[in-house]
Every structure is written in structure tokens, then in C-alpha cells.
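Novice: One structure coming up, written as C-alpha cells, with questions to follow.
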There are 2 protein chains.
Amino acid sequence: MISNVDCHELAGLVDFGKETLDPARSVWTLVAPGVWKITLGKPEEITPVSVRCSNSAKQEAYHLLPEWGMQVPFEVEKINFRRHRRGCTLELPYDRSEGIFGLGLQLKSHLQSGKKKQLRVNADPTVDTGDSHAPVPFFVSTHGYGIFVDTARYASFYFGTHAKVEELKRRVDEKWGSNPVPHTSTEELYAAHSIGNTTVIDIPAAAGVDIYFFAGPDMKSAVSRYVLFSGGGFLPPIWGLGNWYRACGTHNARDVLNLVRQFQKDKMPFSVIGLEPGWHTHFYPNSFVWSERFPDPRKFTEDMHERGYRLNLWENAFVHPAAPFAEEIKPFCGDELSTDGLAPDFLDPRAKKIFSDHHDQLIKDGADGFKLDECDNGDFLPFAWSFPEHTQFPSGADGEQMHSLYGVHYQHTLAENFQRLGRRQYDLVRSSGALAAPLPYVLYSDLYGHDDFIRGLVNAGFSGLLWTPEVRHADSIEDLVRRVQCVALSPLSLINGWYIPNPPWKQVERSLNEMNIFMAESEEISGLLRGVLNLRMRLLPYLYTAFATYAREGTPPFRALVMDYPGDRNTWRCDRQFLVGHDLLMAPLLANEKNLDVYLPQGVWRNFFTGKSYQGGEKVHFADVPLSEMLLFVRDGAILPLASPGYAFDGKKPIQVVPHIYSETKAKGCFYDDDGNSLSYLSGECVWHDWRWSSSTGFQKMTRGCKKSGAFQPFVLGEPVQVVS
Amino acid sequence: MISNVDCHELAGLVDFGKETLDPARSVWTLVAPGVWKITLGKPEEITPVSVRCSNSAKQEAYHLLPEWGMQVPFEVEKINFRRHRRGCTLELPYDRSEGIFGLGLQLKSHLQSGKKKQLRVNADPTVDTGDSHAPVPFFVSTHGYGIFVDTARYASFYFGTHAKVEELKRRVDEKWGSNPVPHTSTEELYAAHSIGNTTVIDIPAAAGVDIYFFAGPDMKSAVSRYVLFSGGGFLPPIWGLGNWYRACGTHNARDVLNLVRQFQKDKMPFSVIGLEPGWHTHFYPNSFVWSERFPDPRKFTEDMHERGYRLNLWENAFVHPAAPFAEEIKPFCGDELSTDGLAPDFLDPRAKKIFSDHHDQLIKDGADGFKLDECDNGDFLPFAWSFPEHTQFPSGADGEQMHSLYGVHYQHTLAENFQRLGRRQYDLVRSSGALAAPLPYVLYSDLYGHDDFIRGLVNAGFSGLLWTPEVRHADSIEDLVRRVQCVALSPLSLINGWYIPNPPWKQVERSLNEMNIFMAESEEISGLLRGVLNLRMRLLPYLYTAFATYAREGTPPFRALVMDYPGDRNTWRCDRQFLVGHDLLMAPLLANEKNLDVYLPQGVWRNFFTGKSYQGGEKVHFADVPLSEMLLFVRDGAILPLASPGYAFDGKKPIQVVPHIYSETKAKGCFYDDDGNSLSYLSGECVWHDWRWSSSTGFQKMTRGCKKSGAFQPFVLGEPVQVVS
């Protein structure tokens, strides 16, 4: 029974033992279609839900998902809950045959069954402990449900890792049988498997917690329901889906202008230019004031806009005394310095307003967005930056809670600036967390393992997050090209030159690049990369449509294979491939990887470029893949909306969208269209094109919705083409 | 003011703010000579001190240390203490010029100033977070004091890592001055330094804590005081200081006998043989019963003893149903299985007795000691072994507290078996913790980085722990030789062949060793290693004396240079060299390290082998060090008690101890002598030989104490020799 335990006991040695939940008091309550909540004990006052800035999506959105097909989640009698001096522990039923995924951005592992994870905010996860830029206490099961634990604590999750004393005999029999043999290899001793029948969630400090159950019926629907509950996905402005380049941190206005002139001369299709710390008078902590390197910011930004580029400004949240609002915001900051600056309490509306008001000015100066850096934590580095967990914030949050919430509420603070202007944004952030799906930000990292970067992309989607495997320097030309091929198929196609004065295709090696010593092959390499960046531009209408689906019904645009094929155990360990939108499957190659086994799920898949078909349901071996080739597949029977080749979007000329039919018999597809930049699509000003094609009837199109006439039309439709071989 | 805060507030959002300690209620109390205690808030009931099994050493022992020379520790007014929902936080004064060391076994860093560490029990520390087999909430400062925080929680320590909002201006000025420059290298951004003026200790779950202050006046005395407070150091039996070999886990009685016959034939001087899991009928979890591979254990052990070997049996604490005492101990175990077995609650005297009684039988069968494996934690491995933190033990401890205490109380349980018999022991354990100095165990690990292993040895001494950089396989012949040279100068000279059927000098490469494919050079290599193992035997009287000093006055026998030279900042980062006893300095070489800069502290040092002298106070460069040579130095003016060459101690023939004079003018030294195996030295049956030599007066000896005549005398004294060149 959950009783209001006398808190006096909390200070004693008493442990409360296992409590059977009282169904009369602890019940699942339906809080949204297919979403239930149960309260266990006495939850904390500061949790992701209690301080949330966005509401759950409207009921209609949930009804776009399949019927959830269940009356009630886990029986309450099967949930155990216990409070103790460390906090509280809950146990949920766990089936040793289920596959568990999620927990936010996890760079080091994919399948979580049989593992423990502690969700601690940390920018340097080098081992598979759960440490993450963006941990999220939400997981999904191949059995078609998701669980969100509403806590801002560094909770630990144990998925079938342990068994109870009552299970001793079963475990010993299962493990060694009747005739044990000596095991001398650590691999044998530590083989991964689930041994117990519970998911245990251990929450420090809290005397209780709300948990939310997201019904499927399938895994993807459970994730979509979580996204909708978070407030829905979002739609970036079209320009955000182009290619990005971040200029060197030492560049001044003239250097940046020279850089983009060179891009235009070289026909390198970039849409967004990022300015790194050099634009600040002070940084680490920050003044948020243009430095003398940009003596006339408005003229500079107008010039950039005129040339068709959007501008994204680097910053972090930590305030230098030279910031114009430093004194004003000081009372609304944590009591410990963070990276030597003031850490605004983004849970306090006063701190938000002061911070946001100053950014209004930067937006007036021409900023199209911001890169929110360093909002995670680096507590175990030799120079421990960010605020410690014992920090006290005016809102009542402590440092631990604030780490779990900081990235999200920093994002909300600046997202509201653009909302007030009726403009969309697409930005970068280094930390995120629970209920972040409606926030138009993409995660990145200072880490650089390419395989970890791909795994991050694959995993982020389980929790309504997006991740870019940004490209900086490279170990080799091959490494550079393979990384760019991957990032071009990611949420944000970003080359980040913040520490190299010249684009990496001039010189991949950092120290040589700094000395302006260029590679002999740079001409050839820039040609290769130009092709990849142009591919991104061709995919733009398709990606835009995938995001519109995300915004409308919560389906993550970038997904692990298991999300669409949970019943196929071959997909459970596919952490090197991912789905893009409804119909694309990307299998990036790493440097030094000449051959790759790609798992294609059930059905027929076609090479994106040639239309060549492959039978799915098994691994397909690709040998000696040339550096210029990518392993990108289209579901047979799809019609993809692709831009006509060679197009660089500058927001002025419309994009010609050509339906590409990948089938010999029949196919379907869709394409989403709106004004590309404003929030008017939220009030219905948008058009969905539904396409059908069969060899007998030819191409048919239907449209739903409407657009305001007169405004700039970013898209025009072209004639369909068929891609088969 | 520390008030008995109404616990009701703990469940609310209230944070108690900074409390000024009430000197009338919170005072430093002298609890031992130079040791003070203060109580902050309401400490937990289960802490290292509250459940300790050993008492602080007698007052006389403390008086062997220098006068501590201070009236009182930190002023109470300068300590801040705060309770909150997460637990409690205390702040102690920190001087940005002080060097902080300790926190138990730290494999990844040495100097802790400017860093955060969380003391979590974990067997796989791969990054520098504080995770350790043997974390200890005790640290020492170059300013000549130590602090012990009496908690079994995973406390976090922040040594000057952060600064308060009030310090914003100072920090910004210090960091960037008035003219900031863009920093584009992460090294520049993250350079290690202390920025704040407090040591913060953040303790989860607890509403209060006792802290203990250990006065110096110097760093070594502060450590010695902590060791004495723990119960004093210990003295191993002489045989424990010989060389150890652990046999392959698949060996049976005949294989082991063949192995030692070969050792005797090859004159490889081993004193102790370890048996790995194969001796059990069931292991992981364990039966603690001899398997059919050892059909007549008593005959086997008698045979081994007859040949002069002692036997050490592998085990871990986790109980298989096949253990004869499984049913009996079950009620006194944690409620979660641990590595698939029952985890005895070693804080419960009933569990201890049942476990210990069975071990009495094994000792009767001939076991001379045990290797206590797996008593740490592997929670983040794909197969999470050991018990989880939410485990409940009958004693009232939870899994977190129990992890901090498990290794120590497991050690105590089996140490008492030998105490009852009046015998000394010297054993292996994989986890330890606070107040463990009197426990006759040496730590080891499954990790294998040689540099980490050396750092472990260097750091363990700060907290009254011992560590062996055991040798298993090797990457190369050079790696093997360099590792054996290092382990021979460590607390326990151990070659561990548990996963290789043949000694590593036959074949360093594991898979070839398993296939019985031997190296062409094995004859030559075994010759080299024989020399190193013989060196260990020669050092035995010196090491024995160093341990006797440890037992008597708490001085760790293996120490970082900074412990003896805290005022010399050059020693602060010396984590690759260490002091052995009073007069030796060892600088191990790694494989592929042909040249080494050795820092020799102030004074004159001599090559151990040749007597060649070096002026200290600076780095001395050694180039092209041959594989057969070691960088081992003796303090000029020392007299070392060394065994005459070629001696293999079997407990039957006495060792001839030869005073070795390392000086051209005058020298002194000492040598400790007793019966070598019993506990009678504790009641005074021992002799200290004090030696003086000068070129004018010659060699002089004095003795203190007495030995019982008639019993076996393990040592006889020889004539002194002079080693100079």
C-alpha cells in the first residue's frame, strides 16, 4: 500500500519494504489517447512534466496513429514500489524475450536489454554507462509499448540485469546446467544476456514518481505517442535542411565573406553559415555582444542574407560580467559559477525574459538562429566545467535536476524568441532531455568517433531527439568523404570548420590546415563532396516531407531499423544503419571499410541511384565500394519527391520537385508543401500531395489542404521519372 | 546553526541553505592523538566507523610519530554544511596552492587538486571519475593534514573545482585578463587548474556525517595517523613476501605438482602457489568444496607444504546451492542474487560465522590463505554482475553502502579465521575500502595497463592500502620482463597464470601459450626472470622490516614520492615512481621505454646494484637501459638488510641477513626479526636491530626487544658489506 509515510522515517534506518500498490489509490489514468499515468509515492515538485513549456499534442494527432488496442498497461499488482533513504525504487514486469531501446542519446550501445544505465548528463561519455549529452528517462520495447519516468534525477535503469534470491535455483540451472565447466575467457564469463524478470528503476532523492505508459500497438507508434505527448515533432524552415558550414573561430567579417564567395565560386551548395566564438567580445563566459571583428553586424548580416545565406551564432548560456544584462540577471542564476560565468536559471521566467530580450536584439541584427553550446556537463574533466550538482538555483532546482533540464529549457527560452516573430528556426544544441521533441534543435558533440556518431543518430530517434554526426577534420581523405556522405543523410548536414581556417576538403589534417598547406587532391575531393552536398539538396523535398510527418503525427524522421521492424530480431543490433523518412535506408561506410554487410528488412529494396533491386530479409554483402558511392536504398514501390539536380536553395528561386518512381509495377508517395519559413502551416496553410503510380494507370496525384496565394512559393512540381534497372 | 531539522521538510522542496555551524554544538573532539572528529547533521547508522571490526591503535603507537603541532583543525566557522533532498553537502577550506592526494586506489590520476571524484565501487575504471575497486573517502594534503569522511555512500569530492557567484569578477580576470583571445584548442580550454577556495564533499542520501581530521605535521605523518586510526598496519608472514605463482584454472592436483617440480628443477624461487576456480566443484557462484580434480586435498596440500610451498585458494563470496552451508546462510543474504549466487551479509555476525566456519575446514585441509575475488562491482558491463545498489541486506545496509563495505568485511570475516589460530596470513582481495589498513590483503585487478598498475601502487599507500601489479600474459618479451621487474618491487610479487597452461616465460602470447607453442627465447627469458625473482628474495628482510614499521607506526611500506617530499612540487606528478620502505626508490620501465627521466628527490641516491651515486633534486636521464637492468635507487647513507644471494625461503632453512652499507662516510639502518609466522610479535616477541656505520668507527649494532629461544629462527645475521662505486 502506498501510504503517506511519515517523513520522520526517512531520516531513520527504516526501509519500507516492498509495497503492494493499493489499486484504490494507485491507478492508471488515461491522460491522452493511448497514454496512461500512474503516481507512485510522492513525486518531486521539479520534474520534466511539472516544469514543461509545451503541451501534449491535440487529440486529433494521436488519432492519426493506429488504434492502441489495449485496455490497460501492466497490471498495478505487478508493479512494486519502495521508498528508502536513497530515494525510491520501482519494479516493472520485464520479459526476457523483449528488446529494450531508447534512454535518449546513447552513443555507446543500442539494445539495452540485460544492461544497466544511469542517466547522468555528461558531455564525454567514453564508456557505456548511460552518461549522455541528452539522457531521457524514456524507453521502448519491441513488445510495443514505451515507459516515461518523470524525473529530473540521475535515475538508474536495470533491464533484467538481476534476479532475486527466490530465483537462485533457476539461475544456477540456466547458467551452468548440472555439469559446470571452467570458463577461462572473460568473454565467456561476461556474455550479454538478461537474467531477471523485472525492469528496475532506481531514482535518487525522490520520494515518489509519476510514470507514463505509451501504448503501441507497435514500437513506432509508442514512440510517436511519446513525441505527441511531448508536444509533437516540428518542421524546420526549408533552409535549415540545406547544407551548413561553420566558419573558423578566428575569422572576422571579411574572412567569412571571402569564405562564402569562394563557396559560390566553387559551387559548394551551403545554405547556412555558422559563426563561432570569434563574434563575441568575451566568451567562456560570454558577453553576447558583437566584437570589433564584426564592426558593422547589420551590414554584415544583410550582405550574407543578400547572398542567400542564413546565419547561426555560437554561444553558451554562461554570462560574463561584460554582458549588458549581467547585473540584471545575476539574482536569477545558480549560486555556483558555471564555466566561470553566471548560469541563468531557465526555470525562472525572470531569467528567461532577461536572456531572451537580449537575444531579440541579436535577431534584429540578423541572427537566424543560435548554436547552444556547453549546456551539458564536464564534471570529470581535469578542468571541471559547468555547474556542480550541489548548486542551488532560485527556482528551487538543485544542480542535478538542473542538468537534466538545462538544455531543454535553454532551448525553450530562445525558441520563444522566434515563435514571437512567427518564424521557424533550426538550430544546434549540445544538451537535451525529456519532452524535447517539439524543440527545433539538433544535438552534436565534441566527441568524434564516426561509429559512435552513427549510433547516436540511430538511437536519438527513440526519444524524440535529433543528432548530427558533424564533420570537422579527418584522419584521411577517405574518412572525410565517408563522414560527409553520412552527415548529408542526417538531420543536419554540417561541416564544422571552427578550428580550421580552410575547408577540410583543402586539407583534412588539422595542423597542416592551420598552416594553409593544402592537399594535392583537394580539387578532386571538393568535386566528390560537391556531389554529396548536391545530393542533400536533391533530397530536400523528401526530408521536408519527413519532418512534416514528424510534426503532424510524431513519426521520427530518422529511425533505427528496429522501430519499423521490431518483430525481426535481425534488426535489434543494427546500430550502423538507419531509416530516413518513410522510404529510405542509409548504411554509411566508415573509413577503411571497403566491404559492408547491409541488413535489408523484409521486402524489395532498390539502390537509390541506379534503381537496382535487392531482396530483403537478409544481409546483403557489398564489396569494394568505391569512395564516390554510398549505400543508400529505397523501398520498392516508393515515389520520392526529389529536387531536380544541381539546385542550390537560396530562398529566392523555387525548387522544382520531381516525383521519382522506384517500381516496375505500382508505387505511392507523398510530398508536403507550404511557405517554407513561417508558422502559418500550424493554422492549416499547407498542402499534402498524395501520389500513386502503376504501370497500367500511370501517375495520379491528389492534394489535401491549401496554401495562401500570392506569397513566395518555395516549390514547383515537375514531371515524374521512373528509377529502375 | 545545525538544528534537528524537522524531517517533514526533507520531503518538501525546502532547501536549508547554508548553515553556520554552532560552535557550542559542533566542535572538534580529540579522539586519538592528533585526530579530531566533528559531527555535522545526523550521520547514518551504517558507516565505515560504526560497523568497524578493528579498533584504533594504542596511544603509544601515535606517539612514535612527530608531534602534530596544532591546537585545532580548520576553524568550525569556516566549515559550511547543508542538508538537502539529495543528502548533504559540506564545504571545507581549500588553498589553491595545496596538493591533494588519496581517495583510495585511483588508477587513472595521482594529483587530485582541481578535480572532481565520485567514490563508486567499480571493477572497470576506464576513465578518471573516481570509480575504483577500493575507493576510500580519505584524502591528504601537502599542507600536512588528512580528512576522512565517514560515509559508505558514493560521495563526490570537488577539490577547488568551482567558484561561487561572488567570485565572478576574480575568476574572469584570472582566466582571461582584460584582453581575451579566442581559444581554439581543447587543451587550452580545459587546462587543469584549481579555481575555487573550497573542498566540497557531496554525500547522497545521508542527513549528516562525521568527519575526522588527521594532523601531520607532515603529509606522511597524517597518513600514518589515519593508518593507526584504522587499527594500524600489519605484518605478513615471511613466506608472503616471497614470490607467488597462480596455477592455471584448468589444472588438477597432478598438473600443479608437475608445475612446482618444474619450478624446483628450474630454480624458480616461488613460495606461494595459488589455485584458481578449478579447485571448486562449482564456481560463479561457488560451492567452496574441493572438486574431483583434487581427489585427496589433504594429501595434495601436505605434499605442497612438504615441498616448501604455501597454498592460496581462489574464491568469491557468492554462494552456490551446492555449498554445504547454502541453506543455512540464505536468511542472512541480500535479497538480490549476486553473480547468480547468494551474497552473504558480512555485516551480520550470523552470516560471518556460517561462512567462516566452513573456511575453518578448508584451513584444516591445508589452505594457507584465500584470494577474495569479485567482491567489487561490475554494474555497467553487458552482463552486470554483483548485487545492484537497490539490494536490501538483513543488517539494514542497502546495496550502495554494502558495496563500499563489502570487500573490507569479507576480508575481516576470513582474517578472523587465522587470528583464531594465532597465525598470520597474506592474501589477495579485489575490493577494499575505508579503515582497511590492518587487513593483511593486497589488491589486484582484471585490468592490465602497466602504467595504470604502477599508478595504483603509487596511490594505494595514501589510504592504507596495498596493490600488486600482477603479471599475466604480455604483449612482448620486453613487456613481460618489465612487468616482472616492477611486481618484484611491489607489495606482492605475483605471476598469475590462471588462463595460461604454461608459465609466461615459456610463451608470453596467450593463444600460443594455450596451444603449448613455446618461444625460442624461453630459456634466456626464464634466466632473466629468475634473476628478478631472486632479487625479490634478497630484498625480503628489507621488505619485512618495512612492513614491521607499517605495523608499528603506520608508515606505508610503498609510498608516492610526494608523501615524503610534499614541499617539492616536482614530486606532485611523480606517478610512475615510488618509495619502498625507508630507503629505496623504484622507477619501473614500461615496454618500449628505452629511456626514462627519473626524478630523484633532494640528496644523494645510489644505484642499488652498483652503488653509483646521483645528485637528487632533479630529473636524471637514463638512456638505452638494457632489458636486464632496473632503475632501483638507494638513499645514500642507508644500510639495507638483504638476504645473501641465491636463497629460496622454504620456511625451513634460515635466511642469512647481510647489512649492505650504501655510503662512503656514514650510514644507518635497521632490521626487524621475529618468528616470521605467529602473532606472538604482538605481545612483544620481536627484535629490532639498529645499525650504525661510519668510515671511522666501523659497523655498530644495537638491539631492542627479545625473542623466545627454542623456536625456529627464520633469520641469522651475516657480516656487513659496503656497496659504493
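Novice: Considering the stretch A:121-142 alone, what residues qualify as being in contact with a helix residue (DSSP H, G or I) (Cβ under 8 Å, 6 or more places away or on another chain) and either closer than 29 Å to A:TRP385 by Cβ or surrounded by fewer than 22 Cβ atoms within 10 Å (Cβ to Cβ) (or both)? Break it down into steps so the answer makes sense when it comes.
Specialist: At the first step, the residues of the stretch A:121-142 found to be in contact with a helix residue (DSSP H, G or I) (Cβ under 8 Å, 6 or more places away or on another chain) are A:121, A:133-136, A:138-142.
Once the filter is applied, which keeps residues that are in contact with a helix residue (DSSP H, G or I) (Cβ under 8 Å, 6 or more places away or on another chain) and either closer than 29 Å to A:TRP385 by Cβ or surrounded by fewer than 22 Cβ atoms within 10 Å (Cβ to Cβ) (or both), the stretch A:121-142 yields A:VAL121, A:HIS133, A:ALA134, A:PRO135, A:VAL136, A:PHE138.
Novice: Here is a follow-up. Which condition number in (1) in a helix (DSSP H, G or I); (2) over 29 Å from A:LYS108 (Cα atoms); (3) open to solvent by 10 Å² or more (accessible area, probe 1.4 Å); (4) touching a residue at least 40 places away in the same chain (Cβ under 8 Å) is the one that B:LEU362 fails?
Specialist: B:LEU362 satisfies every listed condition except (3).
Novice: Can you confirm whether the stretch A:269-279 contains a residue that is over 17 Å from A:ASP427 (Cα atoms), in a loop (DSSP other than H, G, I, E, B) and touching a Lys or Arg at 6+ places or on another chain (Cβ under 9 Å)?
Specialist: Within the stretch A:269-279, one or more residues are over 17 Å from A:ASP427 (Cα atoms), in a loop (DSSP other than H, G, I, E, B) and touching a Lys or Arg at 6+ places or on another chain (Cβ under 9 Å).
Novice: Can you run down the residue pairs with Cβ atoms below 6 Å, 6 or more apart or on separate chains, where the first is in the stretch B:120-135 and within 8 Å of chain A (Cβ to nearest Cβ) and the partner is among the basic types (Lys, Arg) and in a loop (DSSP other than H, G, I, E, B)?
Specialist: B:ASP128/B:LYS108
Novice: Does the stretch A:445-460 contain any residue that is in contact with a helix residue (DSSP H, G or I) (Cβ under 6 Å, 6 or more places away or on another chain), closer than 22 Å to A:ILE500 by Cα, at pLDDT below 95 and surrounded by fewer than 24 Cβ atoms within 10 Å (Cβ to Cβ)?
Specialist: no
Novice: Turning to a different aspect of this structure: Please name all residue pairs, on different chains or six or more residues apart, with Cβ atoms under 6 Å, provided the first residue is in the stretch A:343-358 and is under 17 Å from A:GLU315 (Cβ atoms) and the second residue is of a type in the set (Lys, Arg) and surrounded by 21 or more Cβ atoms within 10 Å (Cβ to Cβ).
Specialist: From the stretch A:343-358, the pairs are A:PHE346/A:LYS352.
Novice: When you check A:ALA247 against the structure, is it among the small types (Gly, Ala, Ser) and open to solvent by 10 Å² or more (accessible area, probe 1.4 Å), yes or no?
Specialist: Values: among the small types (Gly, Ala, Ser): yes; open to solvent by 10 Å² or more (accessible area, probe 1.4 Å): no.
So A:ALA247 does not fit the description; no.
Novice: If B:MET630 satisfies every condition in (1) under 20 Å from B:VAL532 (Cα atoms); (2) modelled with pLDDT of 95 or more; (3) open to solvent by 50 Å² or more (accessible area, probe 1.4 Å) but one, which is the exception?
Specialist: It fails just one condition, (3).
Novice: Find the strands (runs of 3 or more DSSP E) located wholly in the stretch B:502-613 whose residues include 1 or more that are open to solvent by 10 Å² or more (accessible area, probe 1.4 Å) and in contact with a Lys or Arg (Cβ under 9 Å, 6 or more places away or on another chain), and list them. Full working, then the answer.
Specialist: Numbers: elements: B:578-580, B:584-586, B:596-600, B:604-607.
Here the list reads B:596-600, B:604-607.
Novice: When you go through (1) open to solvent by less than 40 Å² (accessible area, probe 1.4 Å); (2) farther than 30 Å from A:ASN496 by Cα; (3) within 11 Å of chain B (Cβ to nearest Cβ) one by one for A:LEU347, which number turns out not to apply?
Specialist: (3)
Novice: Could you say whether any residue in the stretch B:283-304 is open to solvent by 10 Å² or more (accessible area, probe 1.4 Å), away from every other protein chain (no Cβ under 14 Å), among the aliphatic types (A, V, I, L, M) and in contact (Cβ under 8 Å) with a residue 24 or more places away in the chain?
Specialist: no
Novice: Okay, moving on. Among the residues of the stretch A:695-711, which ones are hydrophobic (A, V, I, L, M, F, W, C) and exposed (fewer than 11 other Cβ atoms within 10 Å of the Cβ)? Show your work before the answer.
Specialist: Our first condition is that a residue be hydrophobic (A, V, I, L, M, F, W, C); within the stretch A:695-711, this holds for A:699, A:702, A:706, A:711.
Scanning the stretch A:695-711 gives A:MET702, A:CYS706.
Novice: Could you run through the stretch A:29-47 and say how many residues are assigned to a strand (DSSP E or B), away from chain B (no Cβ under 12 Å) and not basic (Lys, Arg)?
Specialist: Going residue by residue through the stretch A:29-47, those that are assigned to a strand (DSSP E or B) are A:29-32, A:35-42.
The next check asks that each one be away from chain B (no Cβ under 12 Å); those that pass are A:29-32, A:35-40.
Cutting the leftovers down to not basic (Lys, Arg) gives us A:29-32, A:35-36, A:38-40.
Residues in the stretch A:29-47 being assigned to a strand (DSSP E or B), away from chain B (no Cβ under 12 Å) and not basic (Lys, Arg): 9 in total.
Novice: Does any residue of the stretch B:446-455 turn out to be under 29 Å from B:LEU679 (Cα atoms) and either away from chain A (no Cβ under 14 Å) or without any contact (Cβ under 8 Å) to a residue 24 or more places away in the chain (or both)? Walk me through it before giving the result.
Specialist: Residues of the stretch B:446-455 that are under 29 Å from B:LEU679 (Cα atoms), as a first pass: none.
The answer is no; no qualifying residue exists.
Novice: Condition test on A:ARG430, is it touching a residue at least 40 places away in the same chain (Cβ under 8 Å) and open to solvent by less than 10 Å² (accessible area, probe 1.4 Å)?
Specialist: Working: touching a residue at least 40 places away in the same chain (Cβ under 8 Å): yes; open to solvent by less than 10 Å² (accessible area, probe 1.4 Å): yes.
Against the criterion (touching a residue at least 40 places away in the same chain (Cβ under 8 Å) and open to solvent by less than 10 Å² (accessible area, probe 1.4 Å)), A:ARG430 qualifies.
Novice: Inspect all residues belonging to the stretch B:643-662 and state whether any of them is under 26 Å from the mean Cα position of the chain (by Cα) and within 24 Å of B:PRO601 (Cα to Cα).
Specialist: no
Novice: Another question, if that's okay. Here is a list of conditions, (1) hydrophobic (A, V, I, L, M, F, W, C); (2) more than 9 Å from every other protein chain (Cβ to nearest Cβ); (3) over 21 Å from A:VAL429 (Cα atoms), and A:PHE318 meets all of them except one; can you say which number that is?
Specialist: It is condition (3) that A:PHE318 fails.
Novice: Of all residues in the stretch B:310-323, how many are within 22 Å of B:TYR499 (Cα to Cα) and open to solvent by 10 Å² or more (accessible area, probe 1.4 Å)? Walk me through how you get there before you give the answer.
Specialist: Residues of the stretch B:310-323 within 22 Å of B:TYR499 (Cα to Cα): B:310-318.
Now drop any that are not open to solvent by 10 Å² or more (accessible area, probe 1.4 Å), which leaves B:310.
Residues that pass the stated criteria total 1.
Novice: Report, by residue number, each residue of the stretch B:370-388 that is more than 9 Å from chain A (Cβ to nearest Cβ) and either closer than 24 Å to B:PRO236 by Cα or open to solvent by 10 Å² or more (accessible area, probe 1.4 Å) (or both).
Specialist: Within the stretch B:370-388, B:PHE370, B:LYS371, B:LEU372, B:ASP373, B:GLU374, B:CYS375, B:ASP376 meet the criteria.
Novice: Just wondering, is there one or more residues in the stretch B:53-76 that are touching a Ser or Thr at 6+ places or on another chain (Cβ under 7 Å), modelled with pLDDT under 95 and assigned to a helix (DSSP H, G or I)?
Specialist: Looking for residues that are touching a Ser or Thr at 6+ places or on another chain (Cβ under 7 Å), modelled with pLDDT under 95 and assigned to a helix (DSSP H, G or I), one finds at least one in the stretch B:53-76, hence yes.
Novice: Let me ask something else about it. Going by the conditions given, is A:LEU381 modelled with pLDDT of 95 or more and not in a helix (DSSP H, G or I)? Full working, then the answer.
Specialist: Values: modelled with pLDDT of 95 or more: no; not in a helix (DSSP H, G or I): yes.
No; evaluated as a whole, the condition is false for this residue.
Novice: A further question on this structure: In the stretch B:668-694, which residues are touching a Gly at 6+ places or on another chain (Cβ under 7 Å) and open to solvent by less than 10 Å² (accessible area, probe 1.4 Å)?
Specialist: Passing the criteria: only B:TRP691.
Novice: What residue, among those in the stretch A:475-496 that are assigned to a loop (DSSP other than H, G, I, E, B) and surrounded by fewer than 23 Cβ atoms within 10 Å (Cβ to Cβ), is nearest to the other protein chains (Cβ to nearest Cβ)? Before you say what the answer is, go through the steps one by one.
Specialist: We begin by selecting, within the stretch A:475-496, every residue assigned to a loop (DSSP other than H, G, I, E, B); these are A:475-476, A:488-492.
Filter once more, so that each one left must be surrounded by fewer than 23 Cβ atoms within 10 Å (Cβ to Cβ): A:475-476.
On the way: A:ASP475: 17, A:SER476: 21 Å.
That would be A:ASP475.
Novice: Where residues in the stretch A:95-119 are more than 22 Å from A:GLN577 (Cα to Cα) and open to solvent by less than 10 Å² (accessible area, probe 1.4 Å), which of them is nearest to the other protein chains (Cβ to nearest Cβ)?
Specialist: Going through the qualifying residues, I end up with A:LYS116.
Novice: Which of the following residues is more than 14 Å from every other protein chain (Cβ to nearest Cβ), closer than 24 Å to B:VAL31 by Cβ, open to solvent by 20 Å² or more (accessible area, probe 1.4 Å) and touching a Pro at 6+ places or on another chain (Cβ under 6 Å): B:LYS58, B:LYS78? Reasoning before the result, please.
Specialist: Numbers: B:LYS58 fails: touching a Pro at 6+ places or on another chain (Cβ under 6 Å).
The match here is B:LYS78.
The values are calculated or read from the model by the stated rules, or taken from the named source; none is laboratory data. All values derive from a computational prediction rather than experimental measurement. When we count neighbours, we look across all protein chains shown, and the Cβ atoms used for this are built from the backbone with ideal geometry, even at glycine. Please note that ligands, DNA and RNA were not included when accessible areas were found on the heavy atoms of the full protein model with its side chains. Shrake-Rupley method; radii C 1.70, N 1.55, O 1.52, S 1.80 Å.
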